[in-house]
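The next block holds one structure in the form of structure tokens; read it before the comments.
The values are calculated or read from the model by the stated rules, or taken from the named source; none is laboratory data. Since we're looking at a predicted model, the values are computed, not measured. Here the Cβ positions follow ideal geometry from the backbone for every residue, glycine too, while neighbour counts run over all protein chains shown. Only protein heavy atoms, including side chains, enter the accessible area calculation; ligands, DNA and RNA are left aside. Shrake-Rupley method; radii C 1.70, N 1.55, O 1.52, S 1.80 Å.
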Amino acid sequence: MEVGAESFARCLPRLRRRILRAAFVALDMEFTGLHSTSLQNNEPSLFDSPAERYVKARQSVQRFTPVQLGKCGSDTERDFPRYVVHSYNFFLFPSTLGIRDVEFTFSASSIQFLSHYGFDFNKFLKDGIPYMNEVQEKTLKQHLLAGTWKVCSTNCADRDVLKKAIDEVTSWITAAKEEDTMILQELNGYHMLEVQLVLRQALKNVWTEPLGDKKIMVKKVSPEHRQLLENSPYDPCQKKLILLSARGFTNLFQILVKAKKPLVGHNMLMDLMHLHDKFYRPLPESYEEFKRNIHNLFPVIIDTKTVTKSVQKKCLFPRVSGLLDVYAVLCSSNLNPKGPPCPVIALASGCSRYAEKKSPHEAGYDAFLCGSVLLMSAHLLLCRSTDGAVDAEPSFSQYLTVLAEHVNKVNFIRGGVSSINLSGEDAPCRHPPALVVHVRGWPGLTERQIYQEFKARCRFDVRRLSKNQFILLSNKHKHVRLVLRDYRHHPHLQVSVYRHWRHSPSVNCLLQ
């Protein structure tokens, strides 16, 4: 089900009820970009510690913005052992009601990627749900109290709507008498509030009221009558209502935080960082503070990438990486032929499109895949831990028990740890041994040139060790063996396994 700014306020009470009933909530997000290439050395590297990677990712999160958020809630039915899935697609756009305009960057490759998978950029631009974090909300409150707020919309469509409304009213009001009214039509969503606020601020002798069905009534009033109306508790543009509208999707985020339901995602580090930055508070400089904040917001987080990596090791599970591929493998009946069948996962009536058509990289569909992968993986692990002696109708709490070792472990792509532990110490990753390359008779080589030299055979991350030495890191043992074999007799590059006591500059300095 798709939700934009026009329908979000109507859907919010129903969304709240479904979150409170859900066994868990799965999320997925799409962004205007992932890793900023305009920043030097911002690409993820196997040399990165979690804190170093956080610094890189933080810079990217500050530059890009989410365009779509998918939420999937799964209710358990008492009369029948199945999970009923309600999957939503929310189009998002930063709030333009505030004292400062929000700037963000587009990555050409990300936009091309989204376009390839049918993303509707018109809905993102024209009907995106506004949002703001606590700092932005505090600023808006201050300016609302001082009467110095403004609409920062630079969107051409928004400007055209505002200009048309102002032109209509200013043309009408010169000949109108007090208590005369006119109707503005074809306004939707966020425009209903923006137009009223702009008209009231620009013209001191008008009053506005929404009529529903995309219409606003404009009345010419005396200054005294206008003052009485502004102090009325029934004013549809009260400051608290303005804040509620400007917060937009942040209202749903706050419902999620209060509900404390298990939060599920796939490779979800960037998702969590954007949730923190866009809906809670700007990302802190400290990596440890970020972990504490996220753990306080969502005490139970499950990354299905971490879970499926474990399932691949413990069960007869083909090694696939993409979320859709993992889902397809888990749907196979061959994985658990002797054990009880997986729980039935049924899409609710408003979300049946996903049962008929695959929609990869649509946030709502990926959130549905995420929740399904979690349930099926947990079922496999439960069957394995009990040798197949599983209840005919296992509860979600039983699934959480077998998932306990993966709770709050977020997958860490190509880095110094295998996962980030949001509720404790990060465990080091067991990489294949590092290699050291000693360069002879080939002066002036750079890290980039060394990377290109080995790229033809396999992928290594490269870091300079000294003037003529470089360290290579790979996450695959076969790549290490291949390079050691193929470069045994290379005339310029001597490759060997890195030994700290032998190759470390600090150790060599101490020995000398």
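Figures for the structure shown
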quantity	calculated
Candidate aspartates and glutamates - alpha carbon under 17 Å from LYS71, same-chain residues fewer than 8 apart omitted	GLU2, ASP28, GLU30, ASP271, ASP303, GLU362, ASP366
Residue-by-residue Karplus 3J(HN,Hα) for segment 58-66, coefficients 6.51, -1.76, 1.60, Hz, glycine and proline x	4, 4, 6, 4, 5, 8, 9, 9, x
Two-site FRET efficiency, GLN62 against HIS143, from Cβ-Cβ distance with R₀ of 22 Å, rounded to 0.05	0.45
In Hz, Karplus ³J(HN,Hα) per residue of segment 203-215 (6.51, -1.76, 1.60; θ = phi - 60°; x = Gly, Pro)	10, 7, 10, 10, 10, 10, 9, x, 9, x, 6, 6, 10
Percent carbon-and-sulfur accessible area, the chain, ignoring ligands, DNA and RNA, probe 1.4 Å	51
Sites matching trypsin sites (Lys or Arg not before Pro) across segment 238-336 that sit in DSSP coil, with at most 13 neighbouring C-beta atoms within 10 Å	LYS260, ARG319
Relative contact order for the chain, counting Cα pairs under 8 Å that sit 6 or more residues apart, in percent	18
Sequence-distant lysines (8 or more away, or on other chains) whose Cα lies within less than 20 Å of LYS215	LYS126, LYS163, LYS164
Gain upon complete extension [SER332, GLU230; 0.36 nm per residue less C-alpha separation]	30.4 nm
Listed candidates (1) 232; (2) 187; (3) 157 - label of the one calculated as volume of the Cα convex hull per residue in Å³	(2)
Accessible area per residue, Å², segment 193-307 with all protein chains present, probe 1.4 Å	41
Length gained when the stretch GLN449-PHE47 is fully extended (0.36 nm per residue, less Cα-Cα span)	142.9 nm
Amide H contacts of ILE129 (H built 1.01 Å from N, under 5 Å, at least 5 apart or other chain)	ALA5, PHE91, LEU92, PHE93
Rel. contact order, % - alpha carbon contacts under 8 angstrom, at least six apart, segment 435-509	39
Probe 1.4 Å, accessible area per residue of segment 435-509, Å²	63
Qualifying lysines (Cα of each under 24 Å from Cα of LYS467; at least 8 residues distant if same chain)	LYS455
ARG353-GLU179 pseudo-label distance in nm [points 7 Å out on the Cα-to-Cβ vector]	5.0
